Amino acid sequence: MKMRAAVLERFGEPLVVQDVEIAGPKEGEALVRVVACGVCHTDLYTASGADPSGYAPCVLGHEGAGVVEEVGPGVTSVQPGDHVVTLFSPECGRCEHCTSGKTNICTAIRAQQGQGYLPDGTPRLSRGGEPLRHFMGTSTFAEYTVMPEIALAKIPAEASLEASSLLACGATTGLAAALWKAEVAAGSTVAVFGAGLVGLGAIAGAKLRGAERIFAVDLSDGRLDLARRYGATDVLRADQAPVDRILEATGGMGADYTFEATGRVDVMGQAVEAARMGWGLCTVLGVAGKGETLAIVPRLLITGRRVQGGSFGGAKGRTHVPQLVDLYLKGDLDLDGFVSHRMPLDDVNRAFELMEEQDGIRSVLVFDGSAGGAS
Ligand SMILES: NC(=O)c1ccc[n+]([C@@H]2O[C@H](COP(=O)([O-])OP(=O)(O)OC[C@H]3O[C@@H](n4cnc5c(N)ncnc54)[C@H](O)[C@@H]3O)[C@@H](O)[C@H]2O)c1
Ligand SMILES: [Zn+2]
Ligand SMILES: [Zn+2]
């Protein structure tokens with residue numbers, strides 16, 4: 001079938017929206033009509049050529065949500081009509097990692113996914129008879145995608161797909177890190193460095209967990225205002241010695257939990273320093289530049305601080321994303337407030353520009369024709 005998709009033809013150049021072919025689902029796969037797709041830093045990072053594991057040409061996009069249209073043989077967990085969030089991090093429930101209960105890094109389809117193929121080692125995308133590779137196992141900057149059922153989280157049909165798309169990456173990363181990876185305790189003190197979608201998610205997650213005091217650190221006053229809206233009790237400017245101020249405010253001790261959501265290694269170091277002696281837990285979420293390393297004074301670890309990280313915030317997509325949608329439907333989680341711009345697929349490069357200008361939290365591509373142009 002023919003469809004419109006945004007293709008990364010060459011690194012460092014704008015995406016080209018064009019017709020491509022998509023084949024039907026094979027064994028264990030489903031065809032999904034994409035309804036909404038957030039535009040995330042990882043898409044831009046790959047498009048720029050900075051990601052050493054990136055490849056072109058391919059169809060970018062990974063923050064998708066849509067409706068299952070057709071399923072291949074053997075598919076049991078989704079059926080046509082189901083609403084789903086696309087997962088770049090699958091959950092097979094059967095591999096050594098999934099059954100360990102210790103990690104969300106499912107190994108079932110990792111090797112082929114990393115090369116741009118579906119689990120059988122071939123793509124479903126093509127143009128002019130030539131194969132075209134998938135991206136992150138998702139390729140949701142397109143009207144349709146074919147994905148393995150283990151990479152689709154089924155969600156209630158009454159939830160907005162626009163809001164739910166943000167749970168495919170950014171929002172879940174921060175939320176899951178606070179809720180399940182760090183398991184923020186009620187009554188505790190939390191510090192979040194960076195108040196983009198990931199950091200705001202961590203703030204919202206810490207609030208849901210009943211944290212008593214939540215410090216938010218950012219360079220932008222606008223983002224700090226949003227941080228307050230999502231639950232921060234104290235906002236700190238990043239250029240005004242935030243670590244010193246967190247230590248002063250906690251009797252010299254530091255926060256029980258810290259989260260880094262900037263992608264800057266110097267800020268990761270600050271998040272470690274701001275964690276409390278004895279038991280402070282620092283969770284690193286940002287993706288650093290190629291070749292960058294994080295330096296930590298060992299004394300900080302010997303005196304009891306711990307450091308962890310989490311792809312997708314440690315979320316097990318098929319288990320946790322539906323739980324987050326339930327929180328959204330109950331009114332306990334404001335996902336709509338993260339959607340700053342809505343636009344059609346044709347404006348995908350404009351979404352990248354808005355991200356570079358740090359204009360808004362997330363731009364969402366909508367495929368039903370209801371978004372007239374970049375707002
Ligand atoms: N772990 C994962 O699986 C995962 C998933 C999605 C995104 N990420 C990464 O998480 C990071 C954040 O993503 P985002 O979408 O929220 O990005 P974003 O750019 O929207 O937010 C980053 C925020 O950090 C702030 N910032 C910059 N310098 C700072 C400083 N010195 N101190 C404090 N704040 C500072 C910026 O003002 C901005 O508000 C990125 O590195 C992204 O690649 C990781
Ligand atoms: Zn698995
Ligand atoms: Zn992402």
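The values are calculated or read from the model by the stated rules, or taken from the named source; none is laboratory data. For clarity, every value in this text was computed on a predicted model and none was experimentally measured. Virtual Cβ from ideal backbone geometry, glycine too; neighbours counted across all protein chains shown.
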Considering only residues that are among the hydroxyl-bearing types (Ser, Thr, Tyr), crowded, with 18+ Cβ neighbours inside 10 Å and in a strand (DSSP E or B), which ones fall in region 81-129? 86
Tell me the helices (runs of 4 or more DSSP H) entirely within region 192-249 that contain at least 2 residues that are in the same structural domain as residue 261 (by TED's automatic domain parsing) and charged (D, E, K, R). 221-229, 242-249
Return yes when residue 327 is part of a loop (DSSP other than H, G, I, E, B) and among the hydrophobic types (A, V, I, L, M, F, W, C) and no when it is not. no
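Table: residues versus (1) surrounded by fewer than 23 Cβ atoms within 10 Å (Cβ to Cβ); (2) over 25 Å from residue 361 (Cβ atoms); (3) at pLDDT 95 or above.
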site: 10; (1), (2), (3): yes, yes, yes
site: 18; (1), (2), (3): yes, yes, yes
site: 23; (1), (2), (3): yes, yes, yes
site: 27; (1), (2), (3): yes, yes, yes
site: 30; (1), (2), (3): no, yes, yes
site: 37; (1), (2), (3): no, no, yes
site: 50; (1), (2), (3): yes, no, no
site: 60; (1), (2), (3): no, no, yes
site: 66; (1), (2), (3): no, no, yes
Enumerate the strands (runs of 3 or more DSSP E) found wholly within region 1-80, keeping only those where 2 or more residues are more than 24 Å from the chain's Cα centre (by Cα). 2-8, 16-22, 63-71
Output the residues belonging to region 258-276 that are closer than 20 Å to residue 214 by Cβ and either among the β-branched types (Val, Ile, Thr) or touching a Lys or Arg at 6+ places or on another chain (Cβ under 8 Å) (or both). 258, 262, 267, 272, 275, 276
Here are 197, 152: which of them is in contact with an Asp or Glu (Cβ under 9 Å, 6 or more places away or on another chain) and in contact (Cβ under 8 Å) with a residue 40 or more places away in the chain? 152
